[in-house]
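Q: Structure in structure tokens, see below.
Please treat every number below as a calculation from the coordinates, not as lab data. These figures come from a predicted structure and were not determined experimentally. Using ideal geometry, Cβ is built from the backbone for each residue, glycine included, and neighbour counts are taken over all protein chains shown.
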Amino acid sequence: MQKIKALNKNEIEKHYQAFSPLEIKPKIHIFPELDSTNSYAKQFLKENPLESHGSIIIAEKQSAGRGRLGRSFTSNTDEGLYISFILNTDNLPVPLITPYVSLALVRSIKSIWNIDAKIKWVNDVFIGTKKIAGILTEASFSSQEKGLSQVIVGIGINIFQKESCFPVELQAIAGSIYQALLDRASVSIDSENNKTEVDEDFMELFFASKNIFTAQLIHNVFRILTQDIHKISENIAEYKAYSNILGKEVLVLQGDKSFLAKAVDINEEGHLIIEDALGKKQEILSGEVSIRLPTQ
């Protein structure tokens, strides 16, 4: 496999400054390895409560990556991007944070690699039938009177992994940007025998793209959670356009119960609207249930 260009703070900042200007400036911290970028961000926020807004924690590897509902996220390799954002929430509609960041992520994937990724409500990103990224949003409360004061948003995305990099039990459901681009970068040299070769120039550019993608992701997250935060109708309409569950039958897991329902809408509070077999509609919040596609 070609060599992955390492993350570089100066290069990320240079790319970030080339995008359309935003009021917020990223404060980037890169580490060779952490247990979890979100866990480190929590401690960083505790130690720097007045200076943490706009801080970004990035790890080349994670030894104990976490996902939603306590699930683990395989991230003990530098072939992914593991990044957490710390932001004040003065003007943030909290239930929309995860959908908004999901939208920022698929925008970034499209912008840098021209891939149409999809969102599985509320926090997973797919290419085809394989999950390539997950988002974990965790809140911080300053006091009961003031309520929510900061939010930590962690993103883990599989970029350069081959299928063999994943545990055997995940290979059928976990994917990466590399796997998605490999077919596009392959050129047929013998159609009768189905032989291909890879466009090496294209792949060389891909393996050097981690810093610019990181800068694009930071910019898109900051933009949607700051200056575009109140464009709710527009953002939710775009989020729904990227959905891979709307109009489909899904398995709803609620506590120790599960049932099949049709996903029919996502409202402007970020809640999923489902319809059961009797035609009864129900509005569900992300913290209440887990959604699975029939193929999962």
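Q: If you add up the charges near ASP228, with Lys and Arg at +1 and Asp and Glu at -1, over every other residue whose beta carbon is less than 13 angstrom from its beta carbon, what do you get?
A: 0
Q: Which value, in nm² and rounded to one decimal, describes the direction-averaged projected area of the C-alpha convex hull of the chain?
A: In nm², the orientation-averaged hull projection of the chain is 17.6.
Q: Cut-off 10 angstrom, C-alpha nodes, Gaussian network model of the chain. Which of ALA41, ALA261, ALA18 fluctuates the most?
A: With Cα springs under 10 Å in the chain, the top fluctuation among ALA41, ALA261, ALA18 is at ALA18.
Q: Using the Karplus curve 6.51 cos²θ - 1.76 cosθ + 1.60 with θ = phi - 60°, work out ³J(HN,Hα) for each residue of the range 205-218 in order, rounded to whole Hz, and write x for Gly and Pro.
A: Couplings: 5, 4, 6, 9, 9, 5, 5, 5, 5, 4, 4, 5, 5, 4 Hz.
Q: Along the range 262-275, what does the Karplus equation 6.51 cos²θ - 1.76 cosθ + 1.60 (θ = phi - 60°) give for ³J(HN,Hα), rounded to whole Hz, x for Gly and Pro?
A: Residue by residue, the range 262-275 yields 9, 7, 10, 6, 10, 8, 6, 9, x, 8, 8, 9, 10, 10 Hz.
Q: Right, something else. Which far-off residues, 5 or more places away or on another chain, put their amide H under 5 Å from the one on LYS27, with H placed in the peptide plane?
A: Correct list: SER55, ILE56.
Q: Could you identify which residue out of GLU204, GLU283, GLU169 has the top mean-square fluctuation in a GNM of the chain using Cα springs shorter than 10 Å?
A: Of the options given, GLU169 has the highest mean-square fluctuation.
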